[in-house]
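Asks: Here it is, the structure in full.
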Amino acid sequence: MPSLDRNLLHRFGILIVILLIGLGLSLTTDTFLSLSNLTNVARQVSINGILAIGVTFVLLTAGVDLSLGAVVALSGVACATFAHPGEHNVTLPIFIGLATGAACGLTNGILVTKGGVAPFIVTLGMMTVARGLALIASGGRPVADMSPSLTNLAGDIFGIPIPLLCFAGVALLAWIFLRDFRLGRYIYAVGGNENAARAAGISVTKVKLFAYTTCGILTGLAGVVLAARTTTGQPNAGIAYELDAIAAVVIGGTSLAGGVGTVTGTILGVLLIGEINNGLDLLSVSSYYQAVIKGVIIVGAVWLDRRQSRS
Amino acid sequence: MPSLDRNLLHRFGILIVILLIGLGLSLTTDTFLSLSNLTNVARQVSINGILAIGVTFVLLTAGVDLSLGAVVALSGVACATFAHPGEHNVTLPIFIGLATGAACGLTNGILVTKGGVAPFIVTLGMMTVARGLALIASGGRPVADMSPSLTNLAGDIFGIPIPLLCFAGVALLAWIFLRDFRLGRYIYAVGGNENAARAAGISVTKVKLFAYTTCGILTGLAGVVLAARTTTGQPNAGIAYELDAIAAVVIGGTSLAGGVGTVTGTILGVLLIGEINNGLDLLSVSSYYQAVIKGVIIVGAVWLDRRQSRS
Amino acid sequence: SLAVVLALFTGCKKSSTRKEGEILIGFSSRDLSAEYTAKLSEAVVDYAKTKPGVRLVMVDAQSDAQKQLSQIENFISQKADVIILNPCELEASTPAVDRAKAAGIPIVLVNQVTKSAGDAYIGSNDVDAGHIAMEAIAKQLSGKGGVLMIHGIMGTSAQLQREAGAREVFAKYPGLKLVDHQTASWDRAKAMSLTENWIQAHRGKFQAIFAHNDEMAMGALLALERAGIKKEVYVIGIDAIAQALTAVKEGRLDATVFQDAVGQGQGAVDAALRLARKQPGAKENYIPFRLVTRDNVGEFLPKK
Amino acid sequence: MLRALDLRKDFGGLTVLHPLSVDFHAGEVHALMGENGAGKSTLMKVLAGLYQPDAGQVQWRGEIVSFGSPHDALTAGIAMIHQELMPIPDLTVAENITLGVEPAGPLGFINRKQQRQRALELLHELEADINPDRLMRTLTVAQTQIVEIAKALGRHADVVLMDEPTAALSDHEIAALFRAINRLKNRGVAIVYTTHKMNEVFQLADRISILRDGRLIATAPAKELNPQKLISLMVGRELADIFPPRSEPGREPVLEVSGLTREPAYRDINLTLHRGEILALAGLMGAGRTEIASALYGLTPATSGSISVHGKKVTLDSPDTAIAHGIGMVTEDRKGLGIIPALSLRENISLAALPLFARGPLVRHTEETNAARHQIQTFAIKASSPEQPIQQLSGGNQQKALLARCLLNEPEIIILDEPTRGIDIGAKSEIYAVIQKLASQGKAILLISSELPEVLALSHRIVVLRQGKTIATLEASSSDQESLLKLAMPL
Ligand SMILES: Nc1ncnc2c1ncn2[C@@H]1O[C@H](COP(=O)(O)OP(=O)(O)OP(=O)(O)O)[C@@H](O)[C@H]1O
Ligand SMILES: Nc1ncnc2c1ncn2[C@@H]1O[C@H](COP(=O)(O)OP(=O)(O)OP(=O)(O)O)[C@@H](O)[C@H]1O
Ligand SMILES: [Mg+2]
Ligand SMILES: [Mg+2]
């Protein structure tokens, strides 16, 4: 348990930045600290959060997944296709969405492990393939007319957004898993030194397949949540989502070289990005400047964090 | 010289795939092998080619550059702003374009080396910042009215497209540089084992700054060529260009982990992508299926190549 | 492995071999993953199929002007008889037109103009779309009130022109205030988040939202409905995509602006064939935008 | 010539070097001796500009200097051979050797002919037969170490810091290195030398400094010391006999290998390993010992031949199947196939035996930590806590951790490839005791070691390999170093 909790302190710098920006926003706007706005932020970060948790698994094995956004679209389309009112029980479309994501993730994993192709190429290929399949399956049109029982999943329960509950649940499970499960430990070992892990008797192939498939399932979940939230399966949804998700993970201290990183770090990364997006809108900063400011804050936050953790 | 020439053979698999696809295309279409079509392909691959050569330097140091597309847009806008007819000599806008790219690359390099921030985060930040700056500088509008003396640079000379000449020149210089110059070899050393390079007295900082700045300059060049070709500086040009460029480099056998790769490999990667794009359009494959086929071919080509080079 | 590669080609044998006397039309579509363009392109393809002796080759530029330019170059080397161009950009797609003209191939522009005039133009002026949408808002608010505007991807022609049209209306009604404006990149989920944030920041200060397309209008609508304040806000988009029309019919979305995808597509094919056969015809054919509200939505809904 | 003045070095609040002062003179070999984790490497790295001291100064030719980077130290004339091998895997041997000092024209255009020539000369000086055009990644650990030595020699430095340069070498190469060192000495070069091989020290050193727990215990001319005295200064106590007595091996064969072949590394290898037996593989560098061991552990399976465990034929295609058959191995490549750098000492130790501390898929942390603590004690691993990342441990302590990892699984068949590489003399004797105890418990042990005394004193039987072929099988008790070497030498 210790090594992971230690890491929360390591990511202290990011926490400070989040709190400082929060303080700034609550001084300059009346709304930032309101309950309804914080609920908003929670709702908005959920999809990126689920994706970021998923891709944490892959990044820890020293891999990468560029297909997140496209698989979100494909799973959303798949889910929506089976979610027309009165046709099926609500569990079927959800299952289909998750299964689609899982299939894509598993395919990535097989190509990376058995095929020996670099994860960058495999998942870039999956990115175009999944996008193409989403367009083919939907005929290029959003799949609308989703049953309210499914779209309600983007609503609230006891005032808490359901997507947030999904994110929180996924994060909790991932946290426990990476901390306390053998397979979790093996993921770190494989990412830290693949050959040494193999020599210690770990089946690198199985570990990687697991990581990619888990990432796929969570991507599928994100696709289902997105479809529920937007009440459609959009074949061109999720463009560049992978960048936000990977950015959150790396901000949270996970190394792209593998073997180092934590779920708590990823959560902080997700919160920072969500806070910036929300704050810039609340302050009505013009679109052009939003981009510039967002880029500067993210790089600055990571820079501060690394300085602080070095000393 | 040995390790590099040997590498051409290592990339033999990709060459075979390129030739096979070429054979297939010349059997199924009348136009593929025509001079005018091949000139077309050459013209079309030039911009991606210049970017791919540039990012080869960065990938060899075990870095990455996600800001290529945005910097292409920013340099194009900068160049076009100074290229209105009769205002300045044609060299000024070109210089401005290159300098803009160089400045972005240098900034990336400084943040990576001195700032100690992961290249993924730095260049993702630069991606949003440069895009924002391009929009601010242009007021969000394409910068048109470029002097013909500049836009002619996208034309032909003795029937050879000038962009192709730029690409070829850049590739030749990069090939010699990475093969036979000390700094070129230091790039491999830093990417292959950063600690070893430092212990051997190599200034890792200087080497990386050089790599990022070179990549920036070539990105600026790509921006100028793109502006000349489309006769405008477009603030939203170049979206996702980085993915095609990095894909070409990785297809060509360069490792994202750094230290391994060649310019010849990169050229083959660029050609393969260009050939697929051209071929699928010539065959008028529907664009949804194009995405699927393109993804499959790229992954398949790399898979074949790795299999072949393993045996 | 060799077999696999070759097998890929057998499916599409000599598909591009020309038959005698056949008219070859090259068509470059702006972006087939955008619903409106997809609809337009489908109309072009379907309509061309009904014409005997005509073969149409469609390619997708995926919103990249440089890619589109390459595609036009490909058509030139394929010796197409006529080209239909659905330009990505006003400026950046201009060289494509010039290139075709230089090669002596007639070119029809559809839905979007370029700097250089083509041999024919079928379409509408996006400035009008912005104008119509904002006029509808002005009328609804009686010329007074706060408005939010959701942009498409910044710097794209459609975004620029729709904004320009809207700005004309703001200039006309000093009582209309642009409370805030921001991009959501044509994306529904982004527009939803943006609107959620705006509800926090500007609640009560705005009475209407103008989104540059229907996808984003639907996103704004969902956010307003979730917050339970849809009744306080008038929402309008552009394009008249299927889901927006349904929403207008159900009284959820207030209005959208119809652009005649099928009309434009068929018009483009007709113009192209006229040019290929060197027949005379109108050089420009503007198909006007039309405001769709609950009153007239029946005309636009797909016939069952 | 080079002088450390009250140098101190801390790592995260822990003082690793307490203020200490030493002088190094021209034309002298100065040995740094001490247990694992005593601070030898740290001192050298400070002198080489790799670490910045937290207090004190470095004096160079009478002037106070401060080396901000290895570059500064190299320019001043101080080169270092690092304990951690640092190859650049995808450059050639010649490029690695000349790294940083490539013969080049004014623009930086490399003269390949000169480069190759220079590399050949340096390799020749070390009497090594390595093709300079090979890629580094294709080299064995021993060959890599030779290249590292050549790299440092090629700097023509006035001071060469050698941190366990012979750890991976066998006698033949060591002799060549010693000849090269003597030539340097005669040229007036100062050598600072670290090793855990006792015989080397007295063969080579003019003066010896002893470090213990980061403190300088003594500096004395080598003549005034003898092995016993040196060891007691290092360890702080007397060591009676470092080799414990052998127990009687059993008769029952545990591992049988026949006709094992993987060209070009080895061919037609036949071995039988009995219960309670320690069987040694002896041979020169590149004789194929590591390759055979890798095949028995499933790391790089052989192309033909058969392997039986307890009389049953098995297919070993990956280490996890080998482990499942009760085989464990400590690999020779500590960095490449051993440690997971970013994980803690505890996690590294428990890695291969994690199922033992698991309830279903869950890891039981207390049991895991207890087991790790136990191993840390057994092997006297010096670390600030079990939670310290293993990459922060000294080289010898990392090696002990890997032994601890392998044995935690309690394998029946234990393959040890250079198990005591870089381990100090005190710890070695403990490890020898552990090995003998394991044998007496009936475990079968396959030992590969380049230290012939170790081979002779520990094993029951010795299989001598030459260029991938079995040359002879000897009874250890009736063999000596000379006859072994004679057999191992290619004709
Ligand atoms: N980067 C680091 N962070 C923290 N502690 C370190 C670091 N590097 C070394 N140490 C500690 O400093 C001490 C001295 O290490 P050093 O490598 O100098 O030992 P050594 O005498 O060379 O041992 P060996 O004979 O095993 O090579 C060890 O206890 C080690 O754990
Ligand atoms: N000079 C050489 N040229 C080419 N290959 C060599 C050379 N020396 C060794 N090898 C390769 O090294 C392998 C044998 O090395 P191995 O590591 O098994 O030997 P070893 O006896 O364990 O020696 P070491 O002391 O280096 O560990 C063989 O595969 C052989 O191809
Ligand atoms: Mg040491
Ligand atoms: Mg060996």
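Asks: Sort through D:ASP129, D:ASP133 and tell me the only one that's in contact (Cβ under 8 Å) with a residue 24 or more places away in the chain and assigned to a loop (DSSP other than H, G, I, E, B).
Replies: D:ASP133
Asks: Suppose the filter is within 16 Å of ligand 2 (Cβ to nearest atom) and buried (at least 20 other Cβ atoms within 10 Å of the Cβ); does D:ARG267 pass it? Full working, then the answer.
Replies: Working: within 16 Å of ligand 2 (Cβ to nearest atom): yes; buried (at least 20 other Cβ atoms within 10 Å of the Cβ): no.
No; evaluated as a whole, the condition is false for this residue.
Residue-by-condition table, conditions (1) crowded, with 23+ Cβ neighbours inside 10 Å; (2) assigned to a helix (DSSP H, G or I); (3) at pLDDT below 95:
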site	(1), (2), (3)
B:ILE121	yes, yes, yes
B:VAL129	yes, yes, no
B:ARG141	no, no, yes
B:MET146	yes, no, yes
B:LEU150	yes, yes, yes
B:PHE167	yes, yes, no
B:LEU173	no, yes, no
B:ILE176	no, yes, no
B:TYR188	yes, yes, no
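Asks: Scan the strands (runs of 3 or more DSSP E) fully inside the stretch C:221-304 and keep the ones with 1 or more residues being of a type in the set (D, E, K, R).
Replies: Filter on the stretch C:221-304 gives C:234-239, C:284-286, C:290-293.
Asks: Here's something else I'd like to know. Given the criterion touching a Pro at 6+ places or on another chain (Cβ under 8 Å), over 25 Å from D:PRO19 (Cβ atoms) and away from ligand 3 (no atom under 16 Å from the Cβ), identify the matching residue among D:LEU184, D:LEU177.
Replies: D:LEU177
For (1) surrounded by 21 or more Cβ atoms within 10 Å (Cβ to Cβ); (2) under 29 Å from D:GLU430 (Cβ atoms); (3) at pLDDT 95 or above, each residue gets a yes or a no:
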| position | (1), (2), (3) |
| --- | --- |
| D:LEU7 | yes, no, no |
| D:LEU17 | yes, yes, no |
| D:ALA38 | yes, yes, no |
| D:GLN52 | no, no, no |
| D:VAL58 | yes, no, no |
| D:GLU63 | no, no, no |
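Asks: Right, something else. Does D:THR15 count as at negative phi, away from ligand 4 (no atom under 16 Å from the Cβ), among the hydroxyl-bearing types (Ser, Thr, Tyr) and not in a helix (DSSP H, G or I)? Don't jump to the end; show me each part of the working.
Replies: Values: at negative phi: yes; away from ligand 4 (no atom under 16 Å from the Cβ): yes; among the hydroxyl-bearing types (Ser, Thr, Tyr): yes; not in a helix (DSSP H, G or I): yes.
Yes; evaluated as a whole, the condition is true for this residue.
Asks: Determine which member of the set B:ALA134, B:ALA42, B:ALA78, B:ALA103 is of a type in the set (A, V, I, L, M, F, W, C) and facing chain A (nearest Cβ under 10 Å).
Replies: Of B:ALA134, B:ALA42, B:ALA78, B:ALA103, the one residue that is of a type in the set (A, V, I, L, M, F, W, C) and facing chain A (nearest Cβ under 10 Å) is B:ALA134.
Asks: A further question on this structure: Every residue in the stretch B:250-271 that is under 17 Å from B:ALA168 (Cβ atoms) and more than 14 Å from chain D (Cβ to nearest Cβ), please. I'd like the intermediate steps shown before the answer.
Replies: Applying the first criterion (under 17 Å from B:ALA168 (Cβ atoms)) to the stretch B:250-271 yields B:252, B:262-271.
Within the stretch B:250-271, B:GLY252, B:VAL263, B:THR264, B:THR266, B:ILE267, B:LEU268, B:GLY269, B:VAL270, B:LEU271 meet the criteria.
Asks: Just one of (1) within 14 Å of chain B (Cβ to nearest Cβ); (2) modelled with pLDDT of 90 or more trips up A:GLY220, so point out which.
Replies: Going through the list (1) within 14 Å of chain B (Cβ to nearest Cβ); (2) modelled with pLDDT of 90 or more, A:GLY220 breaks only (1).
Asks: Continuing with this model, one more query. Which residues, counting only those in the stretch A:278-289, are part of a helix (DSSP H, G or I) and within 7 Å of another protein chain (Cβ to nearest Cβ)?
Replies: A:ASN278, A:ASP281, A:LEU282, A:SER287, A:TYR288, A:TYR289
Conditions (1) out of contact with any Gly (no Cβ under 8 Å at 6 or more places or on another chain); (2) within 16 Å of ligand 4 (Cβ to nearest atom); (3) away from every other protein chain (no Cβ under 14 Å); (4) among the aliphatic types (A, V, I, L, M), marked per residue:
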{"position": "D:GLY37", "(1), (2), (3), (4)": "no, no, yes, no"}
{"position": "D:LEU50", "(1), (2), (3), (4)": "yes, no, no, yes"}
{"position": "D:PRO53", "(1), (2), (3), (4)": "yes, no, yes, no"}
{"position": "D:GLY56", "(1), (2), (3), (4)": "yes, no, yes, no"}
{"position": "D:GLY62", "(1), (2), (3), (4)": "yes, no, yes, no"}
{"position": "D:PHE67", "(1), (2), (3), (4)": "no, no, no, no"}
{"position": "D:ILE78", "(1), (2), (3), (4)": "no, no, no, yes"}
{"position": "D:ILE88", "(1), (2), (3), (4)": "no, no, no, yes"}
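Asks: Restricting to the stretch C:67-96, name every residue that is more than 9 Å from every other protein chain (Cβ to nearest Cβ) and surrounded by fewer than 24 Cβ atoms within 10 Å (Cβ to Cβ).
Replies: The one that is more than 9 Å from every other protein chain (Cβ to nearest Cβ) and surrounded by fewer than 24 Cβ atoms within 10 Å (Cβ to Cβ): C:ASP81.
Asks: Evaluate the stretch B:225-245: report whether one residue or more is at the interface with another protein chain (Cβ under 7 Å from one of its Cβ atoms), modelled with pLDDT of 90 or more, surrounded by fewer than 24 Cβ atoms within 10 Å (Cβ to Cβ) and assigned to a helix (DSSP H, G or I).
Replies: Yes.
Asks: Are there any helices (runs of 4 or more DSSP H) wholly within the stretch B:8-93 with 3 or more residues that are closer than 30 Å to B:ALA118 by Cα and not basic (Lys, Arg), and if so which?
Replies: B:35-60, B:68-81
Asks: Could you give me the residue pairs with C-beta distances under 8 Å whose first residue belongs to the stretch D:277-293 and is away from chain A (no Cβ under 14 Å), whose second residue is of a type in the set (S, T, N, Q) and near ligand 2 (Cβ under 7 Å from one of its atoms) wherever it lies, and which are 6+ apart or on separate chains?
Replies: What qualifies is D:LEU284/D:SER170; D:MET285/D:THR140; D:MET285/D:GLN143; D:MET285/D:SER170; D:MET285/D:SER450; D:GLY286/D:THR140; D:GLY286/D:GLN143.
Matching residues to (1) closer than 17 Å to D:ASP171 by Cβ; (2) within 14 Å of ligand 4 (Cβ to nearest atom):
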position	(1), (2)
D:GLU418	yes, yes
D:GLY426	no, no
D:GLU430	no, no
D:ILE435	no, no
D:SER449	yes, yes
D:PRO453	yes, no
D:LEU456	yes, no
D:ARG461	no, no
D:LEU465	yes, yes
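Here's the yes/no breakdown for (1) small (Gly, Ala, Ser); (2) surrounded by 22 or more Cβ atoms within 10 Å (Cβ to Cβ); (3) over 17 Å from A:PHE210 (Cα atoms); (4) free of Cβ contacts under 8 Å to residues at least 24 places away in the same chain:
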site	(1), (2), (3), (4)
A:PHE32	no, yes, yes, no
A:SER46	yes, yes, yes, no
A:LEU51	no, yes, no, no
A:LEU74	no, yes, yes, no
A:PRO85	no, no, yes, no
A:PHE95	no, no, yes, yes
A:THR100	no, yes, no, no
A:CYS104	no, yes, no, no
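Asks: Here's something else I'd like to know. Do you know which residues across the stretch A:176-198 are facing chain D (nearest Cβ under 7 Å) and of a type in the set (Lys, Arg)?
Replies: Passing the criteria: A:ARG182, A:ARG185, A:ARG198.
Asks: Also: Any chance the stretch D:38-56 includes a residue that's away from ligand 1 (no atom under 16 Å from the Cβ), under 20 Å from D:MET162 (Cα atoms) and assigned to a loop (DSSP other than H, G, I, E, B)?
Replies: Checking the stretch D:38-56: not a single residue is away from ligand 1 (no atom under 16 Å from the Cβ), under 20 Å from D:MET162 (Cα atoms) and assigned to a loop (DSSP other than H, G, I, E, B).
Asks: Go through the stretch D:410-433 residue by residue and tally those that are at pLDDT 90 or above and more than 14 Å from ligand 2 (Cβ to nearest atom). Outline the logic, then answer.
Replies: The first filter runs over the stretch D:410-433 and keeps only residues at pLDDT 90 or above, leaving D:410-419, D:432.
Subset that is more than 14 Å from ligand 2 (Cβ to nearest atom): D:410-414, D:432.
Of the residues in the stretch D:410-433, 6 are at pLDDT 90 or above and more than 14 Å from ligand 2 (Cβ to nearest atom).
Asks: Of the residues that sit in the stretch D:129-167 and are among the small types (Gly, Ala, Ser) and over 22 Å from B:TYR188 (Cα atoms), which one is farthest from ligand 4 (Cβ to nearest atom)? Don't jump to the end; show me each part of the working.
Replies: Of the stretch D:129-167, the ones among the small types (Gly, Ala, Ser) are D:142, D:150, D:152, D:154, D:157, D:167.
Cutting the leftovers down to over 22 Å from B:TYR188 (Cα atoms) gives us D:142, D:157, D:167.
Working: D:ALA142: 7, D:ALA157: 29, D:ALA167: 12 Å.
By that ranking, first place goes to D:ALA157.
Asks: Condition (residue is more than 11 Å from chain A (Cβ to nearest Cβ), out of contact with any helix residue (DSSP H, G or I) (no Cβ under 8 Å at 6 or more places or on another chain), at pLDDT below 95 and over 27 Å from D:ARG137 (Cα atoms)) applied to the stretch D:393-403: is it met by at least one residue?
Replies: No - not one qualifying residue is present in the stretch D:393-403.
Asks: Okay, next question. So D:ILE445 ticks every box in (1) touching an Asp or Glu at 6+ places or on another chain (Cβ under 8 Å); (2) at pLDDT below 95; (3) away from ligand 3 (no atom under 14 Å from the Cβ) but one. Which box is left unticked?
Replies: So D:ILE445 meets the others, but not (2).
Asks: Do you know which of the residues in the stretch D:155-172 that are more than 14 Å from ligand 3 (Cβ to nearest atom) and within 14 Å of another protein chain (Cβ to nearest Cβ) is modelled with the highest pLDDT?
Replies: Looking at the filtered set, the residue picked out is D:VAL160.
The values are calculated or read from the model by the stated rules, or taken from the named source; none is laboratory data. Treat the numbers as computed from the prediction; the structure is a model and nothing was measured. Ideal geometry is used to build each Cβ from the backbone, glycine not excepted, and the neighbour counts take in all protein chains shown.
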